[in-house]
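The values are calculated or read from the model by the stated rules, or taken from the named source; none is laboratory data. What you see is a predicted model; the values in this text were computed from it and never measured. Because the Cβ atoms are built from the backbone with ideal geometry, glycine has one as well, and the counts that use them run over all protein chains shown.
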Amino acid sequence: RKEVEQDPGPFNVPEGATVAFNCTYSNSASQSFFWYRQDCRKEPKLLMSVYSSGNEDGRFTAQLNRASQYISLLIRDSKLSDSATYLCVVIAVLNDYKLSFGAGTTVTVRA
Amino acid sequence: DVKVTQSSRYLVKRTGEKVFLECVQDMDHENMFWYRQDPGLGLRLIYFSYDVKMKEKGDIPEGYSVSREKKERFSLILESASTNQTSMYLCASSFNGENEQFFGPGTRLTVL
């Protein structure tokens with residue numbers, strides 16, 4: 001079983017729509033969570049950290065569900081510029097350091 | 001602004017050649033990482049380093065080695081390149097292992 005799993009998509013949505021997707025992780029000792037955005041042929045860049053209480057940054061909302069071991073990302077009022085691949089990152093440091101990236105979820109926003 | 005630079009954007013090597021990929025960061029970060037990214041597999045951690053001269057294996061260290069002689073520089077070495085090492089290689093750095101990682105632009109390596 002993979003450490004971190006994401007629905008690869010693609011999610012094709014019209015401008016203005018809401019799109020949401022999850023990232024499940026298998027290591028219950030995981031304690032740090034992030035969403036990165038990667039544009040085509042570019043390096044990943046941090047979109048947002050994911051806190052236990054959930055957090056929001058403009059049109060983006062990230063949630064953590066420790067009981068079911070997944071994090072989620074919701075994008076409201078999608079823009080064309082939101083088209084990208086979204087990667088989740090899960091880090092555990094308690095026993096051994098373990099960092100895992102998901103393979104990414106591709107979102108395409110159409111006009 | 002944090003800057004992570006990689007020595008080459010594109011590299012073509014022959015099977016059996018020794019390959020050096022260099023990464024430099026300018027933010028005095030403790031941690032540095034080397035990943036490879038392949039379609040459908042995402043980013044996979046090859047090696048990371050949390051201090052000068054320190055290195056830890058990631059998930060796929062076989063066929064690779066690393067060197068960190070100075071804090072700002074982390075090198076990935078392919079002792080004898082093979083075709084299955086054709087990939088995009090990404091270097092990253094972070095203040096500590098739990099913080100945001102800043103990535104370099106990547107090196108697309110082709111091994112013929």
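Observations, loosely collected:
- Pairing residues of the stretch B:1-14 that are aromatic (Phe, Trp, Tyr) with residues that are surrounded by 11 or more Cβ atoms within 10 Å (Cβ to Cβ), at Cβ distances under 9 Å and at least 6 apart in sequence or on separate chains, gives B:Tyr10/B:Thr107; B:Tyr10/B:Arg108; B:Tyr10/B:Leu109; B:Tyr10/B:Thr110.
- Strands (runs of 3 or more DSSP E) wholly inside the stretch A:1-88 containing at least 3 residues that are more than 14 Å from chain B (Cβ to nearest Cβ) and of a type outside the set (Asp, Glu): A:11-14, A:19-25, A:60-65, A:70-75
- The stretch A:1-16, subset loosely packed, with under 15 Cβ neighbours inside 10 Å and modelled with pLDDT of 95 or more, residue nearest to A:Ala92 (Cα to Cα): A:Asn12
- For the stretch B:76-91, a residue qualifies if it is surrounded by fewer than 19 Cβ atoms within 10 Å (Cβ to Cβ) and away from chain A (no Cβ under 14 Å), and the qualifying residues are B:Ile77, B:Glu79, B:Ser80, B:Ser82, B:Thr83, B:Asn84, B:Gln85, B:Thr86.
- Qualifying residue in the stretch B:28-38 (condition: in contact with a Leu (Cβ under 9 Å, 6 or more places away or on another chain), facing another protein chain (nearest Cβ under 8 Å) and either exposed (fewer than 14 other Cβ atoms within 10 Å of the Cβ) or free of Cβ contacts under 8 Å to residues at least 24 places away in the same chain (or both)): no
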